[in-house]
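Only one structure is covered here, and it is reproduced in the block below.
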Amino acid sequence: MSVQNKFIKFHDKIKLGREDEAYREARAKDNSILDELKTEFKNAGYPIIETFIQGSLSMYTGIKHPEADFDIDRAVVIDADSAPDDPVEVKKLVLKVLEKRGFKNAKIKKPCVTADYMNLNLHIDIVIYRKRDERYELAVGKLNSNAENRVWSPSEPKKLIQHVNDSSQYIGSADLKIRQVKRLVRYVKRWRDEKFGQNVGKKVFSIGLTLMLKDKFCPSISDDGKVSDLQSLRDTVSAILNANYFQWVEDAKYKVNVRLPVQPYRNVFENSSIDTGTQLYNKLNAMLTKLDQALNEDSLRKQCEILQGLFGGDFEVPEKEQDSNAKKVAYSSAGVVGTSQGA
Amino acid sequence: MLSEIKQHLIKQGFNCTTIEAGAGERIVVETTILNHSIQLMMVEDPPYYSLPGFFLINPDFLGRLAHVSVHEYAGIQIGAVCVNAPESLSVNFEQPLLVVEESLRRHISLLEKCITNPDWNHSELLREFYSDWLRICDPDSFKPLLANIARPVLQTLSVYSPVNGKQFGIESHYMVHPADDSLSGISDIQLSIQKDNRRIAGKAVVIPIETLTPAPKHSDALDEWYLHTISSLPIKVRTELQQKYGQWRETAYWVVFTAKTVNDERTWFALKLSGKAKKALPLSDEKLKNWKLEALPIRLFNQENTVERGGGILTLAGKKVAVIGVGSVGSEIAHKLSAAGIRHLTLVDPDLYEINNLYRHILEQHWVGAPKTVALSVALQRQFPWSCAQWKLDKLMEFARSSRMNDFDLIVIAIGNPTQERLFKQYLLDTNSKVAVINSWLEGYGVGGHATLDISNAKGCLLCSYVCQETGCRGLVSNMNFIEPDQVTMKSVAGCGEQFISYGAASSAQTGVMAANLAIRYLEGKQTKSCKVSWKGLDEDAMAEGIRLTHRYYNFSSSLEYLPLVDEDCDVCTH
């Protein structure tokens, strides 16, 4: 049994998809809130013309968090011709729906409307765009923002999703490679949740990690097709550290900068502190050291111990070197796969 | 040009003159070997696409020389010297002077060796015995006597006449034929005899010779050579010839001689004795007077000689191999295994031969509508006289359940159906069958083909090649494939039931030959570890169809190399 198999088991434990059972309640709430939003917007004269999922679920990089809430990242789009000049006006409609449904902490933030569900571990972020032709503009502004800060800001949310999901640059087994990227993102997000205190961890934004991992991704697939997430993670983390994401500020202090690859091309970590950048830099270096140790280790059990140290208890360590679980035959999760074989 | 050649040879130190001979002027080079003055005459003009010959003028005073055949040319005795064999030469036809010089040097060097080393000369004369024998054969009797003789012992056998009207094929030859029950019942030899359309022409007497003397230089010397050879036979053999075979009376005898030449190599040659009245085989000068002797070309047509001469392997004759699936790949495999000398093939396939199969299958069109296995079994036996290919109209699992797998030395599967192939593997595991299995398949659009060898007591099995390389679990498609799974790779010209994978006969033949080679290596005992092998073609056709290929395809550079099959995540092999 290979360490890759252990990575896959770990991944199966931590991954969260919109269709997963664990997300069932969140999905149901999202759907019912969306229905209410559609009615509310229609009655207000701003019919919703499009809606889509944003965030990690749209990029297939969602993970379960041991303590924190499930997230709903919902985007609603209205026609630019019918949209009010003041974006906060439509955000108030969202706030009204959420308050009516008994959410706690419902509030209008600069880019979105956010709230927590009363009796569920559920956090909701709703963003509003207006759309003209294929161009989107984000509703920016808080309740108390002045007119200058209430704007429809050009944005490319779908292009961002496409960027993360794009596998066209990979030659050969492109699907396999994009799946490897997504797993790396999930591993690193779980690593962040394990290694950072909650306050700093919150500021190590998932989209920042996702963009770094996607853009510096080093696939590790042997010439014979054997996949190694361990090697790929090690090489990708090394490439991230060697790239120019970390800006030296002063002795052993770093600022992290990751720009969106689409409009508005802002730095995801624009308002992050030097402490966040420094911690991320140091912890990534520590991870790299551990990954190298794991790669140099012959014993599967010792490899898994090192990796459990990085990713937490969901990364299994076999009881014995020869894993008794491995004797159980693991079958493909697919019922049928199309093949090209003939004779 | 002749003048240029002459000047060149003189410049190189040769003693050259010119003489008038035959159609014109010829260059003659004079040299001395062991105090003998030798004259070599150049007989060919440029351009040269092979080594130009030099004839040895009046060679008789040198005695019998190996690689020299004596003829008469323009009224003089000349010896044609054979310097070409055994090398394959690439001639610099753009530089004829160099070619002539090199040829001359080779002629002189060969003659030096023959003249100065009598032992070597004698040994070479024996080595080329059969070539010399052919020279004294009647040039019109170009069809050799076919001799189905297994053992070089004193014996008498029947000689069958050619079938009337046959110009080509085995049936157009005289045939020395004993009862060989290992021949296929539908081989040409057996069929022509069974059909009773071959008459017996007379008797052949096989005489082994212990001490071979070089072949006579001319057909005139054949009587003398025959008598010398008979009189040199051991007394026991001569007595047996007289007592056992001297009772018959015939007007014709085919005498087949056999002897060892050099390096333990055995040669066979024949002569025909024809008389006007029925008499016993003449064994003395007196009795030979009424007989006409004629040297005959002979071709040994027994299993040992025929299979080995064709590159087959005699030790494979007794191996039992089942080939499951005789489509374009399987039929190629079965053909190559038969060509390797494997007699006991069991061909298994329920399908009929269809018009759609014609352009990528080895069977002829008259088999359309027949079961593929029946047709192939006949085709193999008709081509390979010692094949006894059998057939079954079973599907893979029907065959598995109705036959004893361990009775086979090897099972080769070429059905291109991963589900059935994995099912069969599981069946072998469940029934603890130890038979070795080769699975072979190709992929469409000419991107390549694959084979695995699964040896039961070695690490590495078919399921290793199905381990998902991403997750380590049992997968549903081979991890050796070059085309990514879950794509539409089938073409359809007439809807459901008429779909097919696009590939040409070259792809299926290449895959079949690759799998057959692996099978032969295994059966010879040269491949003792489970392994996998692939060949990789170009991607242009796949690209044109928008087919996505795997990482393995783009990184594969080990075409036709045997790679380890075992996968560390295979639940069968690693525990």
Review point. So which residues in segment A:260-276 are in contact with a Lys or Arg (Cβ under 9 Å, 6 or more places away or on another chain) and touching a residue at least 40 places away in the same chain (Cβ under 8 Å)?
Key: A:LEU260, A:PRO261, A:VAL262, A:GLN263, A:VAL268, A:PHE269, A:SER272, A:SER273, A:ASP275, A:THR276
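Within segment B:316-325, identify whether any single residue is within 14 Å of chain A (Cβ to nearest Cβ), β-branched (Val, Ile, Thr) and closer than 30 Å to B:ASP351 by Cα, and answer yes or no.
The answer is yes; a qualifying residue exists.
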Study note, to complete from the structure: Taking segment B:85-116 and keeping residues surrounded by 14 or more Cβ atoms within 10 Å (Cβ to Cβ) and polar (S, T, N, Q) leaves B:SER103
Check your understanding: With A:SER222, A:SER238 as the choices, which residue is away from every other protein chain (no Cβ under 14 Å), surrounded by fewer than 22 Cβ atoms within 10 Å (Cβ to Cβ) and among the hydroxyl-bearing types (Ser, Thr, Tyr)?
Key -> A:SER238
Revision key, fill the gap. Note on segment A:193-215: residues in contact with a Ser or Thr (Cβ under 8 Å, 6 or more places away or on another chain) and assigned to a helix (DSSP H, G or I) are A:VAL200, A:LYS203, A:SER206, A:THR210, A:LEU213
Review point. If you go through segment A:176-189 one residue at a time, do you hit one that is at pLDDT 95 or above, more than 27 Å from B:TYR554 (Cβ to Cβ) and of a type in the set (Phe, Trp, Tyr)?
Key: no
Revision key, fill the gap. Exactly one of A:SER220, A:SER238 is within 30 Å of B:HIS450 (Cα to Cα) and over 19 Å from the mean Cα position of the chain (by Cα), and that one is A:SER220
Point to revise | Set A:THR51, A:THR39: member being more than 24 Å from the chain's Cα centre (by Cα), over 30 Å from A:LEU233 (Cβ atoms) and of a type in the set (Val, Ile, Thr) | key: A:THR39
Check your understanding: Any residue at all in segment B:433-448 that is of a type outside the set (A, V, I, L, M, F, W, C), in a loop (DSSP other than H, G, I, E, B) and either closer than 16 Å to A:GLY342 by Cβ or more than 14 Å from chain A (Cβ to nearest Cβ) (or both)?
Key -> yes
Exercise for review: Take the residues in segment B:232-264 that are modelled with pLDDT under 90 and among the polar types (S, T, N, Q), then tell me which one is nearest to the chain's Cα centre (by Cα).
Suggested key: B:ASN263
Check your understanding: Restricting the search to segment B:411-429, which residues are assigned to a strand (DSSP E or B) and either in contact with a helix residue (DSSP H, G or I) (Cβ under 6 Å, 6 or more places away or on another chain) or closer than 16 Å to B:TYR466 by Cβ (or both)?
Key -> B:VAL412, B:ILE413
Review point. If you go through segment A:76-96 one residue at a time, do you hit one that is within 27 Å of the chain's Cα centre (by Cα) and within 30 Å of A:PHE311 (Cβ to Cβ)?
Key: no
Check your understanding: Which fully enclosed helices (runs of 4 or more DSSP H) of segment A:1-82 have 1 or more residues being within 14 Å of another protein chain (Cβ to nearest Cβ)?
Key -> A:3-14
Review point. Can you name the residue in segment B:516-569 that is of a type in the set (Val, Ile, Thr) and within 29 Å of the chain's Cα centre (by Cα) and is also nearest to B:TRP441 (Cα to Cα) among such residues?
Key: B:VAL533
Exercise for review: Please give the strands (runs of 3 or more DSSP E) falling wholly within segment B:4-62 in which 1 or more residues are of a type in the set (A, V, I, L, M), in contact with a Lys or Arg (Cβ under 7 Å, 6 or more places away or on another chain) and in the same structural domain as B:VAL83 (by TED's automatic domain parsing).
Suggested key: B:15-21, B:24-33, B:36-42
Exercise for review: Scan segment A:148-194 for residues that are more than 29 Å from A:THR278 (Cα to Cα), more than 14 Å from chain B (Cβ to nearest Cβ) and free of Cβ contacts under 8 Å to residues at least 40 places away in the same chain and report the count.
Suggested key: 4
Check your understanding: In the list B:LEU212, B:LEU191, B:LEU146, which residue meets the criterion of being touching a helix residue (DSSP H, G or I) at 6+ places or on another chain (Cβ under 9 Å), free of Cβ contacts under 8 Å to residues at least 24 places away in the same chain and aliphatic (A, V, I, L, M)?
Key -> B:LEU191
Check your understanding: Going by the structure shown, is A:SER340 of a type in the set (Ser, Thr, Tyr), within 14 Å of another protein chain (Cβ to nearest Cβ), touching a Cys at 6+ places or on another chain (Cβ under 7 Å) and closer than 30 Å to B:ASN481 by Cα?
Key -> no
Practice item. Pick out the one residue from B:VAL378, B:VAL374, B:VAL307 that is over 22 Å from the mean Cα position of the chain (by Cα) and of a type in the set (Val, Ile, Thr). Key: B:VAL374
Check your understanding: How many residues are part of a helix (DSSP H, G or I) and either within 14 Å of chain A (Cβ to nearest Cβ) or touching a residue at least 40 places away in the same chain (Cβ under 8 Å) (or both) when one looks only at segment B:399-410?
Key -> 2
Check your understanding: Hey, any hits in segment A:319-326 for a residue that's modelled with pLDDT of 85 or more and either assigned to a helix (DSSP H, G or I) or away from every other protein chain (no Cβ under 13 Å) (or both)?
Key -> yes
Point to revise | Positions within segment B:532-572 being surrounded by 15 or more Cβ atoms within 10 Å (Cβ to Cβ), more than 17 Å from A:GLY172 (Cβ to Cβ), within 12 Å of chain A (Cβ to nearest Cβ) and not aliphatic (A, V, I, L, M), in sequence order | key: B:LYS532, B:ASP567, B:GLU568, B:ASP569, B:CYS570, B:ASP571
**Study point:** Selected residue [in contact with a Cys (Cβ under 6 Å, 6 or more places away or on another chain) and touching a residue at least 40 places away in the same chain (Cβ under 8 Å)] from A:VAL127, A:VAL140, A:VAL76
**Key:** A:VAL127
**Study point:** Pair list, Cβ under 7 Å, 6 or more apart: segment B:462-487 residue at the interface with chain A (Cβ under 7 Å from one of its Cβ atoms) and at pLDDT below 90, other residue crowded, with 24+ Cβ neighbours inside 10 Å and assigned to a loop (DSSP other than H, G, I, E, B)
**Key:** none
Point to revise | Selection from segment B:172-213 of residues that are in a loop (DSSP other than H, G, I, E, B) and buried (at least 18 other Cβ atoms within 10 Å of the Cβ) | key: B:HIS173, B:TYR174, B:LEU183, B:SER184, B:SER187, B:ARG198, B:LEU212
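The values are calculated or read from the model by the stated rules, or taken from the named source; none is laboratory data. Keep in mind that this is a model prediction, so the values were computed, not measured. Cβ atoms come from the backbone with ideal geometry, glycine included; neighbour counts cover every protein chain shown.
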